[in-house]
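Novice: Just dropping this structure here.
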Amino acid sequence: MTRALMPEHFLWGVASSGHQTDGGDDAADTTFVEHIQPTVFVEPAGSACGSWERWRDDLDLISAMGLNAFRFSMEWARVEPSRGEIDEAALARYDALVDECVARGIAPVVTLSHFTAPHWFAREGSWLHPDAADWFAGFARVVTERYGDRVAMIVTLNEPNLPRQLAGGFLPTEAWTAIADMLSAASSAAGVAQYRLGNLQRLDELDAFEAALERAHIAARAAVRQVRPGLPVGLSLAVADEVAIAGGEGGRDHAREVNYGRWLRLAQEDDFIGVQNYEQIVHGPDGWVEPPPHIERNAGGMAIVPESLAGAVRYCHSIAGVPVLVSEHGLAAEDDTQRCRFIPAALACLDDIMAEGVPVVGYCHWTLLDNFEWIFGFERRFGLHEVDRDTLARTPKASSRVLAAEVARRMVRR
Ligand code: BGC
């Protein structure tokens, strides 16, 4: 196998996804389930941040922060809205984005599946269909043939481990019932036996989805490598920093194995592992330990722990053994001053483990804009820029300047 050509410079970027930012992906499964009843989505994404049209404005913001990378998804539903039919206009739009990134010195990091898939694919049972991996590999091939000469890295799947992780304590039983009810309603509305989604799964199908997603990753990775040997390809995982106090070691190790084990072993054959960290979980003898009352919390109610990123990265590298791309890291916060403190503190910890020798090839902050935060709609904000919901005008937050300053002083060194 040809050795992957890792980016020459450390990648400093922001991460985004098509459904959450571009909006308007009418042929996507998620758009379909946002509009049925019952649904678990508080509102539909609609045109999201309008980035399908306003992408040049977004690149201006990225350039203004002095970043050299942009992670975005190429939406399968846009490229192949009906099975076997490739939309040339969508490909041309991604061409323009990729070319403009390259012209500005911004390395494109492309995600092939950021939770969403085409409606036609969901109607077939999604990843559970026996041909799913082949179909996805076909899409990976289209993308790599077209853009493989200009993109820096390919992330096949975004967080295929997320449903399993959510099942480990994040979601109450009622939430799983609501998801199952939505999938039943979607199946009836679409007139099929099983309408399925990659990210909102039934509890009794988690095992089957994991096995299917693993096959899909392997097939897409092979397609990318066949078309473009040397182009780094991997997947990204949702990784909490799982730590233990005395007596919690067994719980921590169990959580690590269940949530990440198979994926980190799979990544041993990849070119990098994408790590996405948003929280730390403390395991004690009786399960998760509640953070002390004085600890600041994010908008999702979890403790804000800047050290968690370094912990997650160190752990993933220790098992996968390949270079790490921090493909997402961020904070849900109404109060941007929290984000302003969080970014420098987390990056300082990342510096420390890199100095210890953990190979990290880039850091992509989640996210450029306040965007569509899935089931929570637009109310939960992770952005470095505000977006006026009526005009879609973007306004930088102080945290965008904080990230820019942190990056500027490190770019000199790395
Ligand atoms: C996902 C993003 C999401 C972010 C914040 C990650 O799980 O990849 O799509 O918006 O976390 O919740």
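The values are calculated or read from the model by the stated rules, or taken from the named source; none is laboratory data. Just so we're clear, the structure is a prediction, and the values are computed from it rather than from any experiment. Here Cβ is always computed from backbone atoms with ideal geometry, including for glycine, and neighbour counts include all displayed protein chains.
Novice: When the residues of segment 72-86 are narrowed to those that are under 24 Å from the mean Cα position of the chain (by Cα) and not aromatic (Phe, Trp, Tyr), which ends up nearest to Ala117 (Cα to Cα)?
Specialist: Ala77
Novice: Taking Ala312 as the residue in question, decide whether it is touching a strand residue (DSSP E or B) at 6+ places or on another chain (Cβ under 6 Å) and either within 14 Å of the ligand (Cβ to nearest atom) or under 28 Å from Cys49 (Cα atoms) (or both).
Specialist: So Ala312 passes the test.
Novice: Here are Arg221, Arg256: which of them is in contact with a strand residue (DSSP E or B) (Cβ under 7 Å, 6 or more places away or on another chain), in a helix (DSSP H, G or I) and closer than 30 Å to Asp149 by Cβ?
Specialist: The match here is Arg221.
Novice: Would you please name the residue that is farthest from the ligand (Cβ to nearest atom), looking only at residues in segment 159-170 that are under 16 Å from Gly198 (Cβ atoms) and free of Cβ contacts under 8 Å to residues at least 40 places away in the same chain?
Specialist: Only one residue fits best here, namely Ala167.
Novice: Something else now. So which strands (runs of 3 or more DSSP E) stay within segment 317-414 end to end and still have 3 or more residues that are surrounded by 18 or more Cβ atoms within 10 Å (Cβ to Cβ) and within 16 Å of the ligand (Cβ to nearest atom)?
Specialist: 324-329, 360-365
Novice: Which one is surrounded by the most Cβ atoms within 10 Å (Cβ to Cβ) among residues in segment 118-174 that are closer than 22 Å to Ala211 by Cβ and among the charged types (D, E, K, R)?
Specialist: Across segment 118-174, the extreme among qualifying residues is Glu159.
Novice: Would you pick out the residues in segment 94-117 that are away from the ligand (no atom under 16 Å from the Cβ), crowded, with 19+ Cβ neighbours inside 10 Å and outside any loop (DSSP other than H, G, I, E, B)?
Specialist: Tyr94, Leu97, Val98, Cys101, Ala107, Pro108, listed by residue number.
Novice: Taking Ala190 as the residue in question, decide whether it is modelled with pLDDT of 95 or more and away from the ligand (no atom under 16 Å from the Cβ).
Specialist: In short, yes.
Novice: Looking at Pro130, Pro160, Pro118 in this structure, which one is under 30 Å from Arg225 (Cβ atoms) and in contact with a His (Cβ under 8 Å, 6 or more places away or on another chain)?
Specialist: Result of the check over Pro130, Pro160, Pro118: Pro160.
Novice: Those residues that are more than 16 Å from the ligand (Cβ to nearest atom), in contact (Cβ under 8 Å) with a residue 24 or more places away in the chain and in a loop (DSSP other than H, G, I, E, B), I need them from segment 1-25; list them, please.
Specialist: Hits for segment 1-25 are Met1, Thr2, Arg3, Ala4, Leu5, Met6, Pro7, His9, Phe10, Gly24.
Novice: Would you be able to tell me the number of residues in segment 236-250 that are of a type in the set (Gly, Ala, Ser) and either touching a Cys at 6+ places or on another chain (Cβ under 7 Å) or surrounded by fewer than 21 Cβ atoms within 10 Å (Cβ to Cβ) (or both)?
Specialist: Of the residues in segment 236-250, 4 are of a type in the set (Gly, Ala, Ser) and either touching a Cys at 6+ places or on another chain (Cβ under 7 Å) or surrounded by fewer than 21 Cβ atoms within 10 Å (Cβ to Cβ) (or both).
Novice: Take segment 231-272 and flag every residue that is within 15 Å of the ligand (Cβ to nearest atom) and either farther than 23 Å from Ala303 by Cα or out of contact with any helix residue (DSSP H, G or I) (no Cβ under 9 Å at 6 or more places or on another chain) (or both).
Specialist: Gly234, Leu235, Ser236, Trp263, listed by residue number.
Novice: Looking at the structure I just gave you, is Leu213 over 21 Å from Trp76 (Cβ atoms) and either part of a helix (DSSP H, G or I) or of a type in the set (A, V, I, L, M) (or both)?
Specialist: So Leu213 does not fit the description; no.
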